[in-house]
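Undergrad: What follows is a structure written as structure tokens; I'll ask about it next.
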Amino acid sequence: MAAFDRSPRVSTKARREKSGPIFCVGWKAFVHWPSGMRQHGEVPLMDGNGKALPNDLVDGQRVEILSWRPRSRDGLLYQIRRIRDGREGWIVAHHLRRQETPEVTPQASPGGER
């Protein structure tokens, strides 16, 4: 039994929640920055060192996935290239989506029925 006492302890830290879409390198995606988020300024785009880049990305703009970082401080990051002009940068996964227009989720009616 003493051998078990010397084994490394397994960490019971909660894992970071996996969220955001998953894309393969070479896939096309669309910027997800709906009108409710526009009040926060421009779409967060970074260089390879995590420094914010000024940009004019808009919701629904088509981009290509160039590479990804699975364990960044900000969660899953994708390196993207804007199809329109070839501009590149890094963006957090939840600022991308697969469809040009966002999915519409059903809203509850005032009476509580859907």
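The values are calculated or read from the model by the stated rules, or taken from the named source; none is laboratory data. This one's a predicted model, so the numbers in the text were calculated from it and none came from an experiment. Virtual Cβ from ideal backbone geometry, glycine too; neighbours counted across all protein chains shown.
Undergrad: Hey, any hits in region 92-111 for a residue that's assigned to a loop (DSSP other than H, G, I, E, B), of a type in the set (A, V, I, L, M) and at pLDDT below 95?
TA: Yes, because at least one residue in region 92-111 is assigned to a loop (DSSP other than H, G, I, E, B), of a type in the set (A, V, I, L, M) and at pLDDT below 95.
Undergrad: For region 27-82, what are the residues that are surrounded by 14 or more Cβ atoms within 10 Å (Cβ to Cβ) and β-branched (Val, Ile, Thr)?
TA: Of everything in region 27-82, those that are surrounded by 14 or more Cβ atoms within 10 Å (Cβ to Cβ) and β-branched (Val, Ile, Thr) turn out to be VAL31, VAL43, VAL63, ILE65, ILE80.
Undergrad: Going through region 37-49 one residue at a time, which ones are over 14 Å from the mean Cα position of the chain (by Cα) and more than 18 Å from GLU100 (Cβ to Cβ)?
TA: Hits for region 37-49 are GLN39, HIS40, GLY41, GLU42, ASP47, GLY48, ASN49.
Undergrad: Residues of region 27-44 being among the small types (Gly, Ala, Ser) and at pLDDT 95 or above, which ones?
TA: Within region 27-44, ALA29 is the sole residue that qualifies.
Undergrad: Just the residues that are over 16 Å from PRO21 (Cβ atoms) and either at pLDDT 95 or above or not acidic (Asp, Glu) (or both), please, taken from region 45-65.
TA: LEU45, MET46, GLY48, ASN49, GLY50, LYS51, ALA52, LEU53, PRO54, ASN55, LEU57, VAL58
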